[in-house]
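Student: I'd like to ask some things about the structure below.
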Amino acid sequence: MTARFVDNVRRVTTAEIAPEHATDRRRWAVLAVALTGAFLVIGGVSIVNLAMPSMQSTLHTSANTVALVIASYSLVYAIFLIAGGRLGDLAGRKTALMAGLALFTVAVAACGLAPTAGSLIAARVLQGLGAALIYPQILSIIEETFDGPERNFALGLFGATIGGAVVAGQLIGGALIQLDLGGLSWRPAFLVLVPVGVVALVGGHVSMTNTTSRTRHSHLDLGGILILGGALTMLILPLLEGRAAGWPWWLVAVLAAALPALAGFFAYERRLLRSGRVPLLDPALFRQRSFSVGSAMGIVFFMGSLGFAVYTSLVLQTGAGFSTMRAGLAFAPTGLALLAASLTAPRLIPRLGRHVLSIGYAVLAAGLVATFVTVELAGPHLSVWTLAPALIAVGAGQGFGMSPLVGTVLSGVRKTDAGAASGALTTSFQVGQTLGIALVGTVFFTLVGAGEGSQSERYLFAYRGLTLFLAALAAVLFLLVFLLPQPKARADVFLDRHPHGLAGLVHAAYLATGGRAGERLVHKILAHHQNED
């Protein structure tokens with residue numbers, strides 16, 4: 001693998017570069033800007049996961065409110081992700097990316113300076129909107145800027161940036177919070193991203209040109225965005241605040257109204273489709289079993305993954321007495337194992353097909369049970385080393401259960417619907433992440449309230465119960481794999497078109513993207529596959 005990667009780099013930078021591209025060195029600056037945007041969006045998430053205890057202490061607020069700080073970013077990102085891609089089509093990639101970088105940079109500065117929990121949540125909403133504008137443009141920019149082996153190399157760097165940002169975000173965030181620079185506690189974890197955003201803005205202004213794609217899919221469904229946003233907010237907010245508020249009747253009513261609001265969203269989308277316009281989400285996709293089952297799998301998987309990351313960070317610090325730096329180090333094996341499994345999965349898919357997912361979810365469940373056993377035996381004496389084997393298993397299970405997911409699902413979807421399905425799947429993943437804060441948090445804090453003893457003992461008790469709950473979710477995912485239809489095309493169609501050992505990185509990157517970027521890439525790969533068949 002490493003030898004192939006090095007060989008690919010050598011040939012990309014020498015003989016295989018087309019002469020007309022060799023003189024345009026500016027494209028590498030464009031790639032640097034795009035990758036910096038990816039690092040900001042992903043690193044900005046993982047940095048904050050470690051900050052919950054210090055935020056609660058310094059802002060004098062509840063754990064539920066701090067959970068809303070994290071969830072607000074994911075919620076806005078989920079709502080506007082597809083819209084961000086279509087805005088890039090209408091206004092231009094550079095315009096959308098620069099607007100997103102500007103919003104994101106201003107937002108992280110506002111987060112770092114926020115005097116209250118309310119102002120921090122508002123800044124996080126703005127940060128999520130900026131991320132939704134940034135991320136869908138990245139694959140589009142790479143696709144339009146590079147050809148052939150250069151594109152494969154650029155996509156590989158994109159995947160490596162995502163994996164590196166997850167690990168680096170935990171380590172950088174942990175170090176900055178623990179250093180308590182100037183007595184600022186968690187604030188430097190946001191402020192450190194400001195100069196990175198400024199550099200990306202300057203680089204984008206100097207190196208990029210604006211490109212658009214005025215296609216049928218470029219229509220912006222503002223009505224659908226507003227209705228879906230309202231429905232998801234009605235679902236998420238009661239889950240975050242209900243337990244702490246004692247479930248007053250009006251919160252129960254808001255939660256109950258979320259389902260009719262979602263039904264109204266689908267009715268609106270069907271009416272929009274009948275009028276000849278392009279909806280945010282085509283309801284007809286759910287009549288295809290591969291898509292409906294795959295969407296459910298994506299929501300459950302990402303709900304469990306983010307819920308595990310956030311509440312493990314909280315428990316390690318509050319329950320086990322880890323410093324923020326030690327908590328960040330404890331997660332490093334998980335990120336590395338996830339990346340290694342993502343690289344290995346493409347080699348297994350030709351032989352095992354969709355059951356690479358089955359293996360992933362079985363390993364994930366085993367890793368979560370091993371985490372339960374480790375915490376049960378070690379109690380408050382947990383260490384990075386005793387926890388590492390279980391967290392490595394969790395990361396490996398997540399990698400095998402994530403990397404082939406989109407390709408497996410879309411290989412069972414009609415090829416004419418693959419583009420729309422890819423964007424919709426990615427939105428479902430982001431909804432799952434938001435639920436990972438809200439629903440998993442509700443389970444965790446309910447268990448905390450049921451525990452006895454000191455705060456540390458109650459948190460460790462709740463965490464043991466939570467790992468078993470998440471293991472049960474992994475078991476549900478294992479069973480859902482068998483409901484997926486046998487694919488009409490090979491499940492590895494999205495992996496085997498990227499040579500030189502970069503397939504796992506490329507597909508992990510593709511999985512994390514949405515909107516028009518993912519749509520165009522899927523159409524291109526499907527067309528290529530169809531021609532070869």
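The values are calculated or read from the model by the stated rules, or taken from the named source; none is laboratory data. Quick caveat: nothing in here was measured; it's all calculated off a predicted structure. FYI the Cβ positions are ideal-geometry reconstructions off the backbone, even for glycines, and counts take in every protein chain you see.
Student: Quick one: is Ala102 assigned by TED's automatic domain parsing to the domain that holds Leu316 and farther than 19 Å from Leu193 by Cβ?
Tutor: Spelling it out, it is not the case that Ala102 is assigned by TED's automatic domain parsing to the domain that holds Leu316 and farther than 19 Å from Leu193 by Cβ.
Student: For the stretch 353-422, which fully contained helices (runs of 4 or more DSSP H) count at least 1 residues that are surrounded by fewer than 24 Cβ atoms within 10 Å (Cβ to Cβ) and not acidic (Asp, Glu)? Step through it out loud before you land on a result.
Tutor: Numbers: elements: 355-378, 384-402, 405-410.
Filter on the stretch 353-422 gives 355-378, 384-402.
Student: May I ask you to list the residues in the stretch 303-318 that are surrounded by fewer than 24 Cβ atoms within 10 Å (Cβ to Cβ) and more than 24 Å from Ala175 (Cβ to Cβ)?
Tutor: Scanning the stretch 303-318 gives a single hit, Met303.
Conditions (1) under 25 Å from Val66 (Cα atoms); (2) modelled with pLDDT of 90 or more; (3) in contact with a strand residue (DSSP E or B) (Cβ under 6 Å, 6 or more places away or on another chain), marked per residue:
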residue	(1), (2), (3)
Leu120	yes, yes, no
Leu126	yes, yes, no
Pro136	no, no, no
Glu143	no, no, no
Phe158	no, no, no
Val166	yes, no, no
Ala175	yes, no, no
Arg187	yes, yes, no
Leu193	yes, yes, no
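Student: A follow-up question, please. For the stretch 271-283, name all the residues that are part of a helix (DSSP H, G or I) and either at pLDDT 90 or above or farther than 19 Å from Ala421 by Cα (or both).
Tutor: Passing the criteria: only Arg271.
Student: Now for a different question. Which residues, counting only those in the stretch 170-212, are within 14 Å of Gly44 (Cβ to Cβ) and either in a loop (DSSP other than H, G, I, E, B) or outside the structural domain of Ala327 (by TED's automatic domain parsing) (or both)?
Tutor: Once the filter is applied, which keeps residues that are within 14 Å of Gly44 (Cβ to Cβ) and either in a loop (DSSP other than H, G, I, E, B) or outside the structural domain of Ala327 (by TED's automatic domain parsing) (or both), the stretch 170-212 yields Trp186, Val192.
Student: Ok, one more. Pick from Gly335, Gly321: which is buried (at least 24 other Cβ atoms within 10 Å of the Cβ) and either assigned to a helix (DSSP H, G or I) or small (Gly, Ala, Ser) (or both)?
Tutor: Gly335
Student: Any residue at all in the stretch 298-305 that is modelled with pLDDT under 80 and either assigned to a helix (DSSP H, G or I) or assigned by TED's automatic domain parsing to the domain that holds Leu460 (or both)?
Tutor: Residues of the stretch 298-305 modelled with pLDDT under 80: none.
No, the stretch 298-305 has no match at all.
Student: Let me ask something else about it. Restricting to the stretch 284-342, what's the tally of residues that are within 19 Å of Ile162 (Cβ to Cβ) and of a type in the set (Ser, Thr, Tyr)?
Tutor: Qualifying residue count, the stretch 284-342: 3.
Student: Hey, among the residues in the stretch 350-378 that are modelled with pLDDT under 90 and more than 13 Å from Gly399 (Cα to Cα), which one's farthest from the chain's Cα centre (by Cα)?
Tutor: It comes out as Ala378.
Student: For the stretch 37-52, which positions are surrounded by 21 or more Cβ atoms within 10 Å (Cβ to Cβ) and either in contact with a Leu (Cβ under 8 Å, 6 or more places away or on another chain) or farther than 16 Å from Leu316 by Cα (or both)?
Tutor: Correct list: Gly37, Ala38, Leu40, Val41, Ile42, Gly43, Gly44, Val45, Ile47, Met52.
Student: Of the residues Phe158, Phe146, only one is within 24 Å of Thr426 (Cβ to Cβ), assigned by TED's automatic domain parsing to the domain that holds Ser74 and surrounded by fewer than 24 Cβ atoms within 10 Å (Cβ to Cβ); which?
Tutor: Working: Phe158 fails: surrounded by fewer than 24 Cβ atoms within 10 Å (Cβ to Cβ).
It is Phe146.
Student: So, one more: Looking only at the stretch 423-441, decide whether some residue is over 23 Å from Ile70 (Cβ atoms), of a type in the set (Gly, Ala, Ser) and in contact (Cβ under 8 Å) with a residue 12 or more places away in the chain.
Tutor: Yes, the stretch 423-441 contains at least one residue that is over 23 Å from Ile70 (Cβ atoms), of a type in the set (Gly, Ala, Ser) and in contact (Cβ under 8 Å) with a residue 12 or more places away in the chain.
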